[in-house]
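> Can you read through this structure? Questions will come right after.
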Amino acid sequence: MKKFLILFFSLAVISAYSQKDQKANDLLDQVSSKTKAYKSIKADFSYKMENTKAKINEQKQGTLLLSGDKYRMEASGQTVICDGKTIWTFMPETNEVQVNSLDNKDEALTPSKLLSNYNTNFKSKLLNDKNTDPGTVKIELVPNTIKNYNRAVLSVDKSKLQVKSFVIYDKNGNIFTYTITRFQTDMPLGAADFTFDAKKFPGVEVIDMR
């Protein structure tokens, strides 16, 4: 779940890339600028994990809310909430919530931090794919440093300047496909959307790891 969260922020929000392909870089810059201008984002997405050798084919659904450094994601039967300072990971199956401090967790990268980290992490390149829908552009991202994945391919709606989907290829032969099925912006969100209220979950076990 945590690895998924990092990859989602890193790639769906288009946060870090290097200027190897100027056309790809310009398009990513436009998408990033437009994304940062939104006061809030709600993205419904579908998730698929495939591994032909291991005969794995899993499909799930999820929802992500973003507002500055605050976020809330529901996927894989878990809910991850961050108010910009604290992270709650709620697991309904065991009725427990883990509490961590954002400052003490290197994994807990926020969208705004990622959005400011330009031109350092990826090489970008436009792909010529004849099967791509008209109006959609595919961009390949290859990490500059060693990661647990080899590359990612993003599909971008050129007119809307929005990410439609991205595919991650990891070193174990896994292919992760995330498709944004609904994208809403500038919705009214409050503090309650980005905090965990234990009173609403009778008997919940709070594991404070701060």
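The values are calculated or read from the model by the stated rules, or taken from the named source; none is laboratory data. Here the structure is a predicted model, which means the values were calculated and not measured. Cβ sites come from the backbone with ideal geometry, for glycine too, and all protein chains shown count toward neighbours.
> Taking the stretch 154-210, which residues are aliphatic (A, V, I, L, M) and more than 24 Å from Thr86 (Cα to Cα)?
Leu154, Val156, Leu161, Val163, Val167, Ile168, Ile175, Ile180
> Does any residue in the stretch 163-179 that is over 19 Å from Ala75 (Cα atoms) and free of Cβ contacts under 8 Å to residues at least 40 places away in the same chain come within less than 9 Å, Cβ to Cβ, of a residue that is surrounded by 15 or more Cβ atoms within 10 Å (Cβ to Cβ) and of a type in the set (Phe, Trp, Tyr) six or more places away or on a different chain, and which pairs are these?
Tyr169/Tyr149; Tyr169/Phe176; Asp170/Tyr149; Asp170/Phe176; Lys171/Tyr149
> A further question follows. Every residue in the stretch 135-152 that is part of a strand (DSSP E or B) and either in contact (Cβ under 8 Å) with a residue 40 or more places away in the chain or among the charged types (D, E, K, R) (or both), please. Before the answer, list the steps.
Taking the stretch 135-152 as the starting set, the residues that turn out to be part of a strand (DSSP E or B) are 136-143, 149-152.
Scanning the stretch 135-152 gives Val137, Lys138, Ile139, Glu140, Leu141, Tyr149, Arg151, Ala152.
> Same structure again: Given (1) among the hydroxyl-bearing types (Ser, Thr, Tyr); (2) assigned to a loop (DSSP other than H, G, I, E, B); (3) within 17 Å of Thr35 (Cβ to Cβ), identify the lone condition not met by Ser155.
Only one criterion in (1) among the hydroxyl-bearing types (Ser, Thr, Tyr); (2) assigned to a loop (DSSP other than H, G, I, E, B); (3) within 17 Å of Thr35 (Cβ to Cβ) is unmet by Ser155, namely (2).
> Return only the number of the condition from (1) over 23 Å from Lys39 (Cα atoms); (2) assigned to a strand (DSSP E or B); (3) out of contact with any Ser or Thr (no Cβ under 7 Å at 6 or more places or on another chain) that Arg182 does not satisfy.
Every listed condition holds for Arg182 apart from (1).
> Considering only residues of the stretch 185-210 that are of a type in the set (Val, Ile, Thr) and either touching a helix residue (DSSP H, G or I) at 6+ places or on another chain (Cβ under 7 Å) or part of a strand (DSSP E or B) (or both), which is nearest to Ala43 (Cα to Cα)?
Thr185
> Would you check which residues across the stretch 135-147 are modelled with pLDDT under 85, under 25 Å from Lys53 (Cβ atoms) and either among the acidic types (Asp, Glu) or surrounded by 13 or more Cβ atoms within 10 Å (Cβ to Cβ) (or both) and list them?
Leu141, Val142, Pro143, Lys147
> I want to confirm something. Restricting to the stretch 41-79 and keeping residues that are among the β-branched types (Val, Ile, Thr) and modelled with pLDDT under 90, which single residue is nearest to the chain's Cα centre (by Cα)?
Residue satisfying both the conditions and the ranking: Ile41.
> How about the stretch 148-183: which of its residues are out of contact with any strand residue (DSSP E or B) (no Cβ under 7 Å at 6 or more places or on another chain) and either aromatic (Phe, Trp, Tyr) or at pLDDT below 90 (or both)?
Once the filter is applied, which keeps residues that are out of contact with any strand residue (DSSP E or B) (no Cβ under 7 Å at 6 or more places or on another chain) and either aromatic (Phe, Trp, Tyr) or at pLDDT below 90 (or both), the stretch 148-183 yields Leu161, Asn172.
> Do you know which residues across the stretch 48-82 are surrounded by 18 or more Cβ atoms within 10 Å (Cβ to Cβ) and not in a strand (DSSP E or B)?
none
> In the stretch 8-40, which residues are at pLDDT below 50 and either loosely packed, with under 14 Cβ neighbours inside 10 Å or part of a helix (DSSP H, G or I) (or both)?
Phe9, Ser10, Leu11, Ala12
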